[in-house]
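K.L.:
My questions all concern the structure below.
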Amino acid sequence: MPDTVLALRGLTKRFGQQVAVDGVSLDVPAGSMLGLLGPNGAGKTTTLSMATGLLRPDAGTAFIHGVDVWADPAAAKARMGVLPDGVRMFDRLTGAELLRYHGLLRGMPEADVVSRAGELLEALGLADARSTLVIDYSAGMRKKIGLACALIHAPRLLLLDEPFEAVDPVSGETIRQILRGFVASGGTVVLSSHVMELVESLCDRVAIIAAGRVLAAGTLDEVRQGQPLQRRFLDLVGTHALGTESLSWLRSS
Amino acid sequence: MAALLLGLRLRQLGRTLARSPWAIVTLVVAVLGALGALGVVAALLLVLRVAAPAAGPDAVVVLGSALVVGWAISGVLVSADDALAPERFALLPVPAARLLPGVLLSGAVGVGGIATLLALLTTLIGWSADVAPLVAAAALVPLQLLTCLLAARALAAALARQLAKRSGRDLTLVIGSVLAISAGILVPAVAEGVRALGAAESMLHAVAEVLAWTPIGAAWGVPLALVAGDLLAAGARLLIALATAALLALVWGRDFRARLTAPIATGGGGRVRSGGWIDRILPATPVGAIAARGVRYRIRDPRHLVNAIGVALMPVLILGMQLVIGGRIEVELDAEAGVGLGAFAAVGPMLVPVLGAIVLMSVAQLDAAYDSSALAVHVLAGVTGTQDRAGRALCMAVLFAPVLVGASVLSTAVSGRWDLLPASLGATLGTAGIILGVGGAISPWLPGQTPAPEASPFGSGSSGGAQALLGALIMVAAIVTVGAPALGTAIAAAWLPWLGWVSLAVGVLVGSIAVWLGVRIGGRALDRRWPELLAAVSREP
């Protein structure tokens, strides 16, 4: 078993009466790409927020390369690149300025920031939009610039919340190539998604979360157990069968 | 349908209050402010009623016209976050005619609308000298309120296409902010000017008579004509008032109908100038990057721009007022008491730029709140609290130090006493430093509330909320205690000019120590409270 790059240990978060994340533990070994699956409201974003230092857990913690995120945040944060979801960006900066901002905040030398920012904008097809304010970007372009911001300091662990949402097929393929190359060189990726086919084709490990608990985790084949991932996911999470009478008015009109 | 929309509006307001106890405190403060304004209006009208009953009706006409203009301007300023914008109904199979009454009435739900209704009822005091005007005025209150509501909707509708473009929207907000900041000072200045010209009452009457024939004042002009017993004029003005309301309704209704089928998409401003000089003068470090980002935001984000304009404009306006009114007071003092130097001119150079620094209070404390959840970048990148605080302080220093020094030089130049320049600088820089320091230190605990990014700078949250009020009290307390040596010696320098140099030395020293301490204390608090601060500023009004 190779080194564990990301280890979640009993992460728990309550919002008022509601338990959003309920004792999530998970290991992600080096050089793997893990797909985090779960229905809406399963606690994926909350889990990732607690693993990246954005949200203080009620209990449990996360380790990045053995460093406790909540005991030594500076060392842990230096090792990961994060694409958060549902969080604003400093979008009155242009794409180039936003990348420069992220690079400098990470303490990188200016020359590296400038050269890497240029390469990233080029690779993600944002070179034409480098002088446009991020606020004027489309949803897919915002995802791409967010991804570029997560990559600029060359972390060895990427935590990406819905990286393919609203991204067009061409850019999606670019992102896949970037991520595959990253993993092939020993990097580690955790990404959340709702698209089973994408996770099946891209990830070698899968974790399924529902109602704040891990229902299944392991390699793709361990989780699938010989079934398509879609089928297995529905079995685990439980489908919501419609009665014959429900929504009958919709069929009669 | 109207009841449904009103219910929707009430539920929206209720939800805002239920989300945070600070929101309730903010509402209470807003209500107290409105009651205070109503009290002033009522007291003014009562005094007029007793002392000069003939002037009451004239005052009411001017007041009513001002209300209509105020509604129209504020309608444009807050139109960016209209919860009942026509676009939101575009997918519903409901004709505009059924939506319009509810949308219009919902504008009256809120502190502003209720306060206006109460103000309109209060103005009846002004008419109470005669029976006929009083009855007519009472009957016209609904039309007057309707005119206010329609004016707000119609002007915003007429400008909607321009406001949809970011450049147009930002420009409108900047002009509006200059007007809003100026209004508080221009109105007394104009009033003073009128008073200075003498015969205030006849002047007021003349203004009221003109306004009474215009669309903005006609609804109040009807009872004014009845006071004079002029039935013909009353009828004509009633027609003007009704036609105004009809025309406003027509303009707004046409725009509303058009936007139901052709929604206005808010557009961008295209490419922007890079402002590479900002990166060149600031170091390529986390602190420098935060400062550079701050400087760019002061220029590009209207919410920040409005504050920056306030810092620069406040001293200029006070100076302008001093030139209009102060000069006169000085002359009177000279003549009556034989004071060699007008009191205002003596301490003006010290106090005027300090007012600019005071505007910094909302900037220093609320800076992180303006970032909203974008602040997550700082948390994710592992920016230390000290770096964050130092970057923000550096941004303010780069931007506002030249503005405040300029204000000092300008107000000293106006007073003509160059020997007071060190005192002016000492008082201003000392006060600004204390505000920046205290603001940075308390912001991790009291981040305050701001309008959301992209929302109007004058929309919900623009008052800063109760936390900002508490923060302002703390900052004022610091200014009058820690800042006392610099301010005291600065004022004393009016009589002993060498004290100005003491003030300058003390001010720079105290200001620098305050900023340094603010960075240290605020930074340490941030390192412990990053997630909590992020959660607090992510909650948008």
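K.L.:
Once the other residues with Cβ under 12 Å from the Cβ of residue B:221 are scored (Lys, Arg +1; Asp, Glu -1), what is the net sum?
P.N.:
After counting each charged neighbour, the total is -2.
K.L.:
Now for a different question. On a full-extension model of 0.36 nm per residue, what is the gain between residue A:59 and residue A:17, subtracting their alpha-carbon distance, rounded to one decimal in nm?
P.N.:
That works out to 13.6 nm of additional length.
K.L.:
While we're looking at this one, here's another question. Mind checking which of A:28, A:87, A:223 has the largest fluctuation in a GNM of chain A, springs on alpha carbons under 10 Å?
P.N.:
The residue with the greatest mean-square fluctuation here is A:87.
K.L.:
Count charges around residue A:187 for me, please; just the other residues with Cβ under 12 Å from its Cβ, Lys/Arg as +1, Asp/Glu as -1.
P.N.:
Net charge around residue A:187: +3.
K.L.:
Same structure, new question: Which sequence of B:220, B:498, B:22 reflects their accessible areas, 1.4 Å probe, from the largest down?
P.N.:
Of B:220, B:498, B:22, the descending order of accessible area is B:498, B:22, B:220.
K.L.:
Can you tell me, using C-alpha contacts under 8 Å and at least 6 residues apart, the relative contact order of chain B as a whole percent?
P.N.:
Reported as a whole number, the value is 16 percent.
K.L.:
Another one. So how compact is chain B: Cα radius of gyration and Dmax in angstrom?
P.N.:
Considering chain B through its Cα atoms, Rg and Dmax are 25.8, 76 Å.
K.L.:
Starting from the 7 Å offset along Cα-to-Cβ, what nm value, one decimal, do you get for the label separation of residue B:88 and residue B:12?
P.N.:
The two pseudo-label positions are separated by 0.3 nm.
K.L.:
How charged is the neighbourhood of residue A:114? Take every other residue with its Cβ under 11 Å from the Cβ of residue A:114, and add Lys/Arg as +1 and Asp/Glu as -1.
P.N.:
Combined, the nearby Lys, Arg, Asp and Glu give -2.
K.L.:
Roughly how many whole Å is it from the C-alpha centroid of region A:42-116 to that of region B:357-372?
P.N.:
25
K.L.:
Determine the calculated [θ] at 222 nm for chain B from helices alone, applying -39500 (n - 2.57) to every DSSP H run no shorter than 4 residues and normalising by the residue count; nearest 500 deg cm²/dmol.
P.N.:
Here the helix-only value at 222 nm equals -26500 deg cm²/dmol.
K.L.:
Let me ask something else. Using the Karplus curve 6.51 cos²θ - 1.76 cosθ + 1.60 with θ = phi - 60°, work out ³J(HN,Hα) for each residue of region A:47-63 in order, rounded to whole Hz, and write x for Gly and Pro.
P.N.:
Those phi angles translate into 4, 5, 4, 6, 6, 9, x, 7, 9, 6, x, 6, 8, x, 7, 10, 10 Hz.
K.L.:
Next question, about the same structure. Round to the nearest 10 and report in Å² the accessible area of residue A:245, as given by a 1.4 Å probe over the protein chains' heavy atoms.
P.N.:
Roll a 1.4 Å probe over it and residue A:245 shows about 140 Å².
K.L.:
Also, quick follow-up: With N residues in region A:73-143, what two-decimal value do you get for its Cα radius of gyration over 2.2 N^0.38 Å?
P.N.:
1.12
K.L.:
What share of all Cα pairs of chain A, in percent, falls into each consecutive 10 Å distance bin?
P.N.:
Bin by bin from 0 Å, the calculated values are 7, 29, 34, 21, 7, 2, 0.
K.L.:
Which log10 I(q)/I(0) values, to two decimals, does region A:119-222 give at q = 0.15, 0.23 Å⁻¹ under the Debye formula with one point per Cα?
P.N.:
Log10 of I(q)/I(0), two decimals: -0.67, -1.36.
K.L.:
Here's something else I'd like to know. Enter the mean projected area of the convex hull around the alpha-carbon atoms of region B:284-538, in nm², rounded to one decimal.
P.N.:
13.6
K.L.:
Which order do you get for B:130, A:3, B:58 if you rank them by accessible area with a 1.4 Å probe, largest at the top?
P.N.:
Ranked list, largest accessible area first: A:3, B:130, B:58.
K.L.:
Would you please give the FRET efficiency between residue A:180 and residue A:119, computed as 1/(1 + (r/R0)^6) with r the Cβ-Cβ distance and R0 = 22 Å, to the nearest 0.05?
P.N.:
Efficiency for this residue pair is about 0.80.
K.L.:
Another one. So which helices of chain B fit the span-like rule, where a helix is a whole DSSP H run, its Cα atoms reach 24 Å or more along the axis, and its mean Kyte-Doolittle is at least 0.0?
P.N.:
The qualifying helices are B:2-19, B:21-51, B:55-77, B:131-158, B:166-196, B:231-261, B:302-321, B:343-371, B:385-415, B:421-442, B:465-481, B:499-538.
K.L.:
Moving on. Take every residue in peptide B:528-538, count the Cβ atoms of other chains within 10 Å of its Cβ, and give the average of those counts.
P.N.:
Average neighbour count from other chains, rounded to a whole number: 3.
K.L.:
Give the average over all directions of the projected area of the C-alpha convex hull of the protein assembly as shown, one decimal, in nm².
P.N.:
Across all orientations, the protein assembly as shown yields a mean hull projection of 39.7 nm².
K.L.:
Set the Förster radius R0 to 41 Å, insert the Cβ-Cβ distance between residue B:246 and residue B:29 as r into 1/(1 + (r/R0)^6), and round the FRET efficiency to 0.05.
P.N.:
With R0 = 41 Å, the Cβ-Cβ based efficiency is 0.60.
K.L.:
Considering Cα pairs under 8 angstrom that are at least six residues apart, work out the relative contact order of region B:2-261 and quote it in whole percent.
P.N.:
The value is 30 percent.
K.L.:
Could you work out the relative contact order of region B:284-538? I mean the mean sequence separation of Cα pairs under 8 Å and 6+ apart, divided by the number of residues, in percent.
P.N.:
28
K.L.:
What lysines could a cross-link reach from residue A:77, if we take a straight Cα to Cα line under 23 Å and drop same-chain neighbours fewer than 8 places away?
P.N.:
A:13, A:44, A:143, A:144
K.L.:
Which angle from 0 to 90°, rounded to the nearest 10, does the C-alpha axis of helix A:169-184 make with the longest principal axis of chain A?
P.N.:
80
The values are calculated or read from the model by the stated rules, or taken from the named source; none is laboratory data. Bear in mind that the values here come from a model prediction, so they are computed numbers and not experimental data. With ideal geometry, Cβ positions are generated from the backbone for all residues, glycine too; neighbour counts draw on all protein chains shown. For accessibility, only protein heavy atoms count, side chains too; no ligands or nucleic acids. Shrake-Rupley method; radii C 1.70, N 1.55, O 1.52, S 1.80 Å.
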